[in-house]
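Taking it in order: structure first as structure tokens, then the write-up.
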Amino acid sequence: MIPGPASAFSETPAGAICLVSILLVPLAMAGLALISCGLGRSRSAAHVMLASLCAVAVASIVYVVCGFSWDGFAGGPAHVWLLRGKSWNWIAAQPFFLRGLELDGSPASLGALLQMFGAGLAAIIPLSATMDRWRLSAICASTALLAGCTYPIFAHWVWGGGWLAQLGDNYGLGRGFLDSGGAATVQVVGGLTALSMTWILGARRDKYSEEGMPTAIPGHSPVFVVFGCFLTWVGWLGLNSSGAILFSHILPGRIVLIAVNTTLSAAAAGLMALVITRVRFGRPDASITANGWVGGLVAGSAAPAFMNPAAALIVGFIAGIVVTFAVDWFEMWLEVDDPGGAVPVHALAGIWGLLAAGLLIRFPDQNAARGQWLAQLVGITTLLGFVLPLTYSLNWLLNRVYPQRVEPDGERQGMDLHELGAGAYPEFVVHTDEFIQR
Amino acid sequence: MKLAGILFLLAGWSIVLSALDLLRPSSALIAFVLAGIAVECIGLFFLFRSHLKLREETR
């Protein structure tokens, strides 16, 4: 059994607030699912929602079965290498099925709960990039790889006392890689998986012309998209608060600062996206504004407990600019067909947030911040140099043994009819071409 | 080209890890970390380029 004052922690204000905050995180999943659904076509709406639910289900099960074994918690059993007198904690060595972990409100058990939700959240992110062409069974298989391999390994390095978290103690780089709200562990990991899947699956039929020019395929429900933004906001408040208590050991009173910073970052990014689209296109664009909002939440989740509100505003404004231009850039110049904007919103905004955390954080003891930006850079290089190749290779291999893209006929019909046998809105014939044989 | 991109990404990360282990926090460490990032950028370029080339061929 894991030693430690389990019941003592759950009875403290920090433990109680942490538990309540963790229970808000599923709202972030619901919000992301709604945003993906609204940004997709009506003929794949039910498929996106069901795929999101399945991804969360598979991620939760796989994480409990084996993910937590590699992930673990700070101070728990792990495989450690000694290199030139420095310990490099690579991977946890917990038993499968959470055996040996008392689920009683101890910090380790709360961490396991938060990370189970984190795996689910990371698993939903690739769905918004791959709408209209990713088969449901393949989504489940790919999610199992994410929750059982990619996510727990990187999460252990950051949240489980791994080598990235130890950069401060071992090499004097600030407090080690800082990511209390999951900007890297959840968002960038999910965003890079989304990028890999867009490469592996290819673009949607009819998305690009013969000359390579993209066709606009607008989302079917801005109402879902904007309502999803409200849900993600609440979920992110829980994610950032619980992560800061568990992994950065802040006092519960600082949750006020976290809530203010989370809101400011999202607000600044959303407004910036709205203004940019208003200036560029003459009218504000709801989908890009929503992408900006979520991008602000993502960027602000790297270190919301250690920034002042002005810094959170800067993080948000720049995240809004990055997301707005990157959505176009990926579609136009890199020919990445990402209908939900998952790569700019989760990967790029997350990387910006991690970098900003290194530049803008303020610790009570400023000496502790020395080298923090370098620790953040090391974390970013690990995401690009390890997580991207790993997730790409795993999904590429999976695609070789179990093709992930739906048949051309299914894509033409729409994923709802093809995979589920019925449309999401059976009373309305929204697109006549769904029912006409070409 | 795709394989080259992945190898460049891994190489950039390896440079950073090696620098961490071999160098103390100094301007040399900063230079090697930035060099690692530059190598990773080349890897990303190759990966995006291979994806674009594949799309051009299938058109």
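The values are calculated or read from the model by the stated rules, or taken from the named source; none is laboratory data. Bear in mind the structure is a predicted one, so any value in this text is a computation, not a measurement. Using ideal geometry, Cβ is built from the backbone for each residue, glycine included, and neighbour counts are taken over all protein chains shown. Note: areas computed on protein heavy atoms with side chains; ligands, DNA, RNA excluded. Shrake-Rupley method; radii C 1.70, N 1.55, O 1.52, S 1.80 Å.
Here the contact order of chain A, divided by its residue count and restricted to Cα pairs under 8 Å and six or more residues apart, works out to 23 percent.
Placing +1 on each Lys and Arg Cβ and -1 on each Asp and Glu Cβ, with no other charges, gives chain A a dipole about its Cα centre of roughly 720 debye. Dipole size of the stretch A:27-141 about its Cα centre, with +1 on Lys/Arg Cβ and -1 on Asp/Glu Cβ: approximately 420 debye, rounded to the nearest 20. Taking Cβ atoms as reference points and 11 Å as the exclusive limit, the residues near residue A:372 contribute a net charge of +3, counting Lys and Arg as +1 and Asp and Glu as -1.
The Kirkwood hydrodynamic radius of the stretch A:1-87, based on inverse pair distances between different Cα atoms, is 16.8 Å. Using a 1.4 angstrom probe on protein heavy atoms only, the contact between A and B buries about 2700 square angstrom of accessible area, both sides summed. Projecting label points 7 angstrom from Cα along Cα→Cβ for residue B:26 and residue A:80 puts them 2.8 nm apart.
Under the definition of partner shielding as Cβ atoms of other protein chains within 10 Å of a residue Cβ, what is the mean value for peptide A:157-164?
0
Taking the Cα centre of the stretch A:319-412 as reference, the dipole from Cβ charges on Lys and Arg (+1) and Asp and Glu (-1) amounts to some 520 debye. Projected onto its three principal axes, the C-alpha set of chain A covers 66, 47, 42 Å, listed from the longest axis down.
Report the extension gain between residue A:256 and residue A:213 in nm, rounded to one decimal, defined as 0.36 nm multiplied by the number of residues separating them, less their alpha carbon distance. Spell out each step's value before the answer.
Values: separation 43, 0.36 × 43 = 15.48 nm, distance 4.69 nm.
Length gained between residue A:256 and residue A:213: 10.8 nm.
So, counting K/R as plus one and D/E as minus one, what does the shell of residues with Cβ under 14 Å around residue A:138 add up to?
Details: positive: A:133, A:135, A:400, A:405; negative: A:132, A:407, A:411, A:419.
For residues surrounding residue A:138, the net value is 0.
Relative to the compact-globule estimate of 2.2 N^0.38 Å, the Cα radius of gyration of chain B comes out at 1.40.
Considering only the other residues whose Cβ falls under 10 Å of the Cβ of residue A:306, what net charge follows from Lys and Arg at +1 and Asp and Glu at -1?
On the way: positive: A:175, A:254, A:362; negative: none.
Its environment carries a net charge of +3.
Restriction of the trypsin sites (Lys or Arg not before Pro) in the stretch A:48-139 to DSSP coil positions whose beta-carbon has at most 14 other beta-carbons within 10 angstrom yields A:84, A:99.
Listed highest first by mean packing, meaning other Cβ atoms within 10 Å per residue, what order do A:236-246, A:261-271 come in? Please list the in-between numbers first.
Values: A:236-246: 27.9, A:261-271: 25.9.
Taking the mean over residues of other Cβ atoms within 10 Å, the ranking is A:236-246, A:261-271.
So which DSSP H runs in chain A come out at 27 Å plus along the axis (Cα) with average Kyte-Doolittle of at least -1.0? Let's see the in-between values first.
On the way: long enough: A:107-129 (34 Å, 1.48); A:222-247 (36 Å, 1.58); A:255-281 (38 Å, 1.67); A:309-332 (35 Å, 1.77).
Sorted by number, the helices that extend far enough and score high enough are A:107-129, A:222-247, A:255-281, A:309-332.
Ordered by 1.4 Å accessible area with all protein chains kept, A:47, A:249, A:418 run largest first as A:249, A:418, A:47.
Would you mind calculating the relative contact order of the stretch A:88-204 from Cα pairs under 8 angstrom and at least 6 residues apart, reporting the percent as a whole number?
Working: 102 pairs, mean separation 41.4, N = 117.
It comes to 35 percent, rounded to a whole number.
Backbone amide hydrogens, once placed in the peptide plane, bring residue A:91 within less than 5 Å of A:79, excluding anything fewer than 5 places away on its chain. Mean silhouette area of the stretch A:282-438, derived from the convex hull of its C-alpha atoms and averaged over all directions, reads 13.9 nm².
Just how many % of Cα pairs in the stretch A:349-410 lie over 13 Å apart, if you round to the nearest whole percent? Intermediate values should be presented prior to the final figure.
Numbers: 1351 of 1891 pairs.
So the portion of pairs separated by more than 13 Å is 71 percent.
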